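Just so you know, all these numbers are worked out from the coordinates, no wet-lab data involved. All values reported here derive from a predicted model rather than from experimental measurement. All Cβ positions, glycine included, derive from the backbone under ideal geometry; neighbour counts span all protein chains shown.
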Amino acid sequence: MSRRSKLTRAEKKAALMQRVEALVDQMLDWAEANVRPNLTQIEDQALTLRQRFGQVLTDSVIAGQDNVEPLHLPPCPQCGKPMRPKGTKRKTVLARVGELNLERSHFYCPRCERGLFPPG
Ligand SMILES: [Zn+2]
């Protein structure tokens, strides 16, 4: 049912490095655009990027979890039959690393005509 196969560690690393590299480029772009920033300005920029780095790392691990691409279909909370996958939805969660825009699987029970959008 998975619409994409599991990524290898090398593939995960390559995707992660690309996102981290974009943050490094942002810092370099900022440093070039701001000729003589003071320490507070440099810190502000570094802290903003540090937060994004935390989000990128967190997001990359969550994206590989089974609740994003479940191995088993969850049972319907009402009738207990396995639910059908109904694609994914994006959900914004406020975590300690900041806002995360998570992709979550959505399920549907045709018998009870109810959907399930697992929390967390
Ligand atoms: Zn049901």
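Sort out which residues of the range 93-110 are assigned to a strand (DSSP E or B) and within 16 Å of the ligand (Cβ to nearest atom), and write them in order of number.
Across the range 93-110, the qualifying residues are 106, 107, 108, 109.
Taking the criterion of being within 16 Å of the ligand (Cβ to nearest atom) and touching a residue at least 60 places away in the same chain (Cβ under 8 Å), the residues of the range 53-92 that qualify are 73, 85.
List the number of the failed condition for residue 53; all other conditions in (1) part of a loop (DSSP other than H, G, I, E, B); (2) under 23 Å from residue 9 (Cα atoms) hold. Result: residue 53 fails condition (1) only.
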